[in-house]
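Heads up: the structure comes next, in structure tokens.
No value in this document is a laboratory result; all are computed from the given coordinates. Keep in mind it's a predicted model, so treat the numbers as computed, not measured. Cβ: placed from backbone, ideal geometry, glycine included. Neighbour counts: every protein chain shown.
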Amino acid sequence: MPCIVTNSLSKSYGSIVAVDGIDLSVNSGKIFGFLGPNGAGKTTTIKLLTTLIAPTSGTINILGMDAIRRPLDVRKKIGVVLQQPSYEPTLSVEKSLEKYGMMWNVERKTRKDRVEELLSAFDLEEIRKIKNDDLSIGQRRRVQVAREFMHDMELLFLDEPTVGLDPSARRGLLDFIKKKVKEGLTIFFTTHILNEAEYLCDEVAIINKGKIIAIDTPNELKNKFGREKTIKIRIPETKKDVQGLLIDVKDYEIDFNSGTNITIRSNDSEEVLLKILQILTANNISIENLSVMPTTLEEIFLTVVKNSNASSN
Amino acid sequence: MHPVIRLVNRNLTISLNKGFLIWQIVFPLIYIFVAGFAYTALIHSVPFGNKSLDYPAFIASGMIGFNIMNSTLISGIIIWNDRRHGMFEQILVGPFTRSHYILSNIYTIGIVGLISAALITAVGYPLFFKSVEFNFYTIPLVVFASVTGSILFGSIASIISTRLQSSEGFNVVINTAFLFFAFVSTAFYPAQGAPEPLSTAFYLNPLTYLVDVVRAGMFGNFSTFVGIEMIVLVVVALILFTISTKLLSKLEI
């Protein structure tokens with residue numbers, strides 16, 4: 001069942017169209033990745049979905065409620081970690097978690113338990129007494145994300161939550177998010193780090209210039225847009241004459257750094273590989289290694305955005 | 001618990017730190033004891049209605065009004081800090097409306113104003129207890145002054161905090177405004193005897209009205225003029241509150 005549905009959702013600032021008629025449907029209990037280059041409209045979309053700003057046109061339905069008519073009812077059921085830092089400078093880490101729980105009307109006993117749980121889950125125990133003002137950017141970000149789990153919610157918006165986090169804190173957060181999704185939470189997630197989206201998301205939308213240009217599961221996106229594969233062949237000896245043998249073959253590169261390395265990049269990489277293997281076998285050249293590089297979401301992202309920019313130009 | 005009460009709780013927690021409380025008590029005490037006694041040799045008594053007050057009692061009661069005004073700085077500081085540290089947006093994506101946020105600020109400054117007035121009354125009491133005339137309107141008048149003054153000066157601080165983009169600008173404007181309010185008023189010295197146009201300027205300043213109401217309550221000198229001052233205070237507070245609410249409602253995110 002979808003917990004976010006938008007129809008022709010648009011937001012303009014004067015003549016600038018930040019979000020241009022997007023249609024979204026996000027299913028409950030999933031992690032939905034929302035990707036796009038800088039200024040594509042990701043944060044504006046999150047602000048619209050979290051009722052922070054009103055749309056110029058279109059409809060927004062969150063958890064079965066009209067978010068334009070019932071913004072407060074929507075906000076009571078969602079959590080939001082905004083892109084920009086937000087913290088109480090004068091409060092300690094544990095106090096700010098506790099106060100945030102109080103602001104959400106979480107009862108005292110539950111607050112106390114959750115503070116301990118989150119301090120442990122987000123590795124904040126050592127800095128629990130330190131004021132937010134004295135924390136590093138990464139520590140503050142961890143507190144900001146942890147704080148949002150002080151209250152119950154059905155849907156969580158995370159706008160680039162891992163910005164400023166070190167690799168282990170980042171992995172810890174992603175695993176914590178996965179755990180919460182298994183418990184039934186739905187997550188709407190934006191990031192610039194496409195490995196994260198690939199690791200985490202059940203479905204991904206790519207936005208560019210305010211419009212959704214691709215939407216599907218990461219695997220389906222790879223199937224749709226990832227026909228070009230990269231195949232690497234390694235020959236142990238430096239055989240400069242291979243270049244001459246492959247003169248009629250297209251879509252490959254060769255280098256002679258410690259041996260002979262052939263890299264095939266083609267939409268028909270299997271055919272190119274077959275041709276090269278036939279030539280090498282016919283010339284009794286043995287292969288040390290052959291590897292196929294999987295298509296990454298990052299490559300898909302770059303391809304889709306590039307195509308979108310080319311068509312809009 | 002009502003959302004406004006939860007926000008007031010949060011506002012008090014983030015604002016009432018040791019530094020602020022020390023500032024709120026020590027600063028007026030310096031005025032009350034140092035200035036109060038230092039000027040006693042020069043100002044033996046101050047005419048107040050049909051009475052005559054000694055100067056320490058006069059300045060101690062003036063400091064109650066001054067402290068109510070000073071404590072409302074909290075309103076501007078809360079809004080400014082919330083905008084600067086991202087909490088304004090965070091609160092507005094939580095279970096709160098802008099009206100909750102605005103009301104919570106007003107209640108916060110009302111509470112801080114009352115606490116400030118109570119603190120200075122307690123601390124300054126030894127100085128003015130001889131002159132105090134308790135009657136059935138003493139407490140209502142001091143509470144009225146605390147609440148109305150808090151809303152009035154809190155709204156001014158809120159307006160300033162919504163209009164300025166830098167913390168330096170905010171500090172300069174708010175300190176200049178409050179310096180004017182403090183010293184061009186009857187908080188420290190009486191209007192009678194001050195040269196023109198200063199004495200007229202005293203009565204263009206809401207702190208003068210606030211202090212007059214506090215003194216009328218404490219020294220039993222309620223008059224028609226004080227009644228008019230109370231009406232002026234309410235009207236000005238309502239106008240400023242409306243402006244600050246509109247500005248906060250339109251504050252861009």
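Once every Cα of region A:1-79 carries one equal point scatterer and solvent is ignored, give the base-10 log of I(q)/I(0) from the Debye formula at q = 0.13 Å⁻¹, two decimals.
-0.37
Taking only the Cα atoms of the protein assembly as shown, how large is their convex hull per residue, in Å³?
In the protein assembly as shown, the Cα convex hull volume per residue is 209 Å³.
Quick check: residue separation of A:D73 and A:S136 times 0.36 nm, minus the Cα distance between them. What number comes out in nm? Don't skip to the answer; put the middle values down first.
Details: separation 63, 0.36 × 63 = 22.68 nm, distance 3.46 nm.
So the chain would gain 19.2 nm between A:D73 and A:S136.
Using the beta-carbon distance between A:V163 and B:V34 and R0 = 51 Å, what value does 1/(1 + (r/R0)^6) give for FRET efficiency, to the nearest 0.05? Provide the component values of the computation, followed by the final result.
Values: r = 52 Å, r/R0 = 1.01.
Efficiency for this residue pair is about 0.50.
Of the beta bridges DSSP finds with both residues in chain A, what % are antiparallel, to the nearest 5? Kindly include the intermediate steps, with their values, before the conclusion.
On the way: 37 of 54 bridges.
Bridges in chain A are about 70 percent antiparallel.
Using only the Cα atoms of chain A, each taken as one equal point scatterer with no solvent, compute I(q) by the Debye sum, divide by I(0), and report log10 of the ratio at q = 0.12, 0.13 Å⁻¹.
Normalising to I(0) and taking log10 leaves -0.86, -0.95.
Quick check: the angle from helix B:3-15's long axis to the longest principal axis of chain B, C-alpha only, nearest 10 degrees?
Long axis of B:3-15 versus the principal axis of chain B: about 70 degrees.
Helix A:108-121: angle to the longest alpha-carbon principal axis of chain A, degrees 0 to 90, nearest 10?
For helix A:108-121, the angle is close to 20 degrees.
Counting pairwise Cα distances across region B:103-253, what percent come out greater than 20 angstrom?
On the way: 6059 of 11325 pairs.
Roughly 54 percent, once rounded to a whole number.
Rounded to whole Å and sorted largest first, list the principal axis extents of the Cα atoms in region A:1-156.
Largest first, region A:1-156 extends 47, 30, 24 Å along its Cα principal axes.
Once the Cα gyration tensor of region A:69-151 is diagonalised, what are the square roots of 5 times its eigenvalues, in whole Å and ordered largest first, as equivalent ellipsoid semi-axes? Provide the component values of the computation, followed by the final result.
Working: eigenvalues 92, 48, 22 Å².
Sorted largest first and rounded, they come to 21, 15, 10 Å.
Relative to the first principal axis of the alpha-carbon coordinates of chain B, what is the inclination of helix B:138-163, with its axis defined by its Cα atoms, in degrees from 0 to 90 and to the nearest 10?
50 degrees
Near A:K240, which aspartates and glutamates are there with a Cα under 19 Å away, not counting those fewer than 8 places off in the same chain?
A:D248, A:D251, A:E253, A:D255, A:E288
Given H placed on each backbone N at 1.01 Å, which residues far from A:V204 in sequence or on other chains put an amide H within less than 5 Å of it?
When sequence neighbours closer than 5 places are left aside, the close amide H contacts are A:G33, A:D216, A:T217.
With the cut-off at 28 Å, tell me which of the pairs A:K76/A:K180; A:K180/B:K18; A:K250/A:K306 have Cα atoms farther apart than that. Could you put the intermediate results ahead of the total?
Numbers: A:K76/A:K180 18 Å; A:K180/B:K18 39 Å; A:K250/A:K306 23 Å.
Violating the 28 Å Cα-Cα cut-off are A:K180/B:K18.
According to a simple spin-label model (label point 7 Å from Cα along Cα-to-Cβ), what is the distance in nm between A:N307 and B:F180?
With each label point 7 Å from Cα toward Cβ, the separation is 6.3 nm.
In Å and from the alpha-carbon atoms only, list the Rg and Dmax of region A:222-306.
13.9, 43
Hey, which of these cross-link pairs are over 23 Å Cα-Cα: A:K42/A:K77; A:K42/A:K112; A:K11/A:K42?
Those over the limit are A:K42/A:K112.
If you average 1/r over every pair of different alpha-carbon atoms in region B:3-249 and take one over that average, what Kirkwood value in Å do you get? Each step should come with its number before you reach the end.
Details: mean 1/r = 0.0543 Å⁻¹.
Answer for region B:3-249: a Kirkwood hydrodynamic radius of 18.4 Å.
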